[in-house]
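Heads up, the thing below is written out as structure tokens.
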Amino acid sequence: MTLHDTNADRGVDVSVGQLLRALDRSRMTAKHVGLYVVSALGHFFDGYDVQVIGVILPAITLAFHLPAGQAGVLGSSTAFGMLFGAICVGFVSDRIGRKSALMLALGVFALFSLLSAFPPNFGWLVTFRVLTGVGLGAEVVTMYAYISEFLPARLRGTLLTTSSMFWQLASVVAAVLAIVVVPAFGWQGMFVIGALPAVVVVVIWRMLPESVRFLVAHDKLSDATRIVRDLSSVDPKDVPADTDTKAAAETAESVKQLSVSDLFRGKFARLTPGVWLIQFFNGFVLFSIVTWLPSILVAKGFTFVHSLLYVAVIVGVGAFGNVGAGLVLNRIGRRKAMLLFFVLGGITLMIWGVQSTGVGILVLGAISSFFIYGVSGAVYTYTSEIYPTTLRATGTGWSGGAQRVGAIVAPSVIGWMIGSHLPIISVFILLAVGFIVAAVAVLFLTHETGSRTLEEIEASVIATR
């Protein structure tokens, strides 16, 4: 009995390969745009919440009389929660579905973001930020895994990477809002604004379909067919029936959930350590800048308002880094794009660290931001493509967890360096070395995913010696 026959017996008149190819070959429809907007909104609130600690850290430090070490602990708290959220959501998502996991994550994130505005003491503030991070970490990796399974193959890399632009735009908004909100309402007002996703949770729930590949892997072919016909501009019946590939057939027939140990089986024994190394140093550098840049600028003599204006400009340029990376990775490939951005980012970080004038700090900071934020989106695009369907959420979850480890370590390490009165240039040298190590990992421990379908990528990984 063929796969097509099996589907017909279940009341489905097309094969799994036809369903998946219809998704991959579709043009960008209005419903794709809707999914992209949902993804962008998710990135916006993520970026706001991550940046908000950095822009209000000087105010919180004064309010609680914190030494640099304790300020670093607060800076690490959200990332600590994100680590657990990123790791645990893979198991949850692979079992209850991408949609349900995404909504659960958003709810947790919004609730504890609101509670962060009303902590009885510093200890409770750290606790609420950890729990906010759990929801945030779960949402980030689920969103990437979810959206990547719907987008047309030829546009997926560009769209995933450029959607991260909204993360940087939110960081700019956070910096600008802090200039107005903190003097008027205190640092607590910034956390109240961060809880706004709760308002749109119900609306988002109604809009989102379940992942087609998740439904196929769980033998819900009629539901998958209905969603494809509603979303894709290509009728599955118009796709030649012989387009089923081995990878697609395995996706269709596999209902077993893969474990974490499968992340290190076969070809993934090399690829997974590469992904984790890249994500660790990506998180280390990114969260060092996000958490400590406003405080470093204040320490250099900038006023609180001027430091936030500089942050807004520097991070704002980072949004264009996502656009640049999105265009480059489809032209030269994921590996070369990541390698280029890591190397150039490392070089510009070192040059940024020796700047002493306001113009030099602003210009070199903007250039560094372009590469730092640009490579972050490219890395998430790569990690959302490299794993097979049954392992995708778990794989992206654990790789996101590796980034969170870097994000946990970074604020505390930088806080210790600043508290120990080490030269500021030493901070930037450390960050630059991190990016160069990541570049080496890209060179030796990655596999080119290109602009192929997810099933073609899986097959190419299996075929690689």
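Every number in this text was worked out from the coordinates using simple rules, so none of it is lab data. Computed from a prediction, not measured in an experiment: that's the story for all the values here. Counting neighbours? That spans all protein chains shown, and the Cβs are built from the backbone with ideal geometry, glycine included.
Using DSSP H assignments, which helices in the chain have an axial alpha-carbon span of 18 Å or above and a mean Kyte-Doolittle hydropathy of 1.0 or higher? The qualifying helices are 30-64, 68-96, 98-115, 122-148, 165-185, 268-299, 304-332, 334-353, 358-386, 424-444.
Among the listed pairs 220/267; 237/336; 300/336, those with a Cα-Cα distance over 32 Å are 237/336; 300/336.
I want the local charge near residue 148. Using Cβ-Cβ distances under 11 Å, sum +1 for each Lys or Arg and -1 for each Asp or Glu among the other residues. Result for the neighbourhood of residue 148: +2.
List 230, 94 from most exposed to least, where exposure is judged by having the fewest other Cβ atoms within 10 Å. In increasing order of surrounding Cβ atoms, one gets 230, 94. The sum of -39500 (n - 2.57) across all DSSP H runs of n ≥ 4, divided by the residue count of the chain, sets its helix-only mean residue ellipticity at 222 nm to -27500 deg cm²/dmol. Each of 130, 345, 159 was scored by the projection of its Cα onto the charge dipole of the chain, and the greatest displacement toward the positive side belongs to 345; charges sit on the C-beta of Lys, Arg, Asp and Glu. The relative contact order of the chain, computed from alpha carbon pairs under 8 Å that lie at least 6 residues apart in sequence, is 27 percent.
Over the chain, the hull volume per residue, using the convex hull of the C-alpha atoms, is 125 Å³. Here the calculated FRET efficiency for residue 336 and residue 436, from their Cβ-Cβ distance with R0 = 25 Å, stands at 0.95, rounded to the nearest 0.05.
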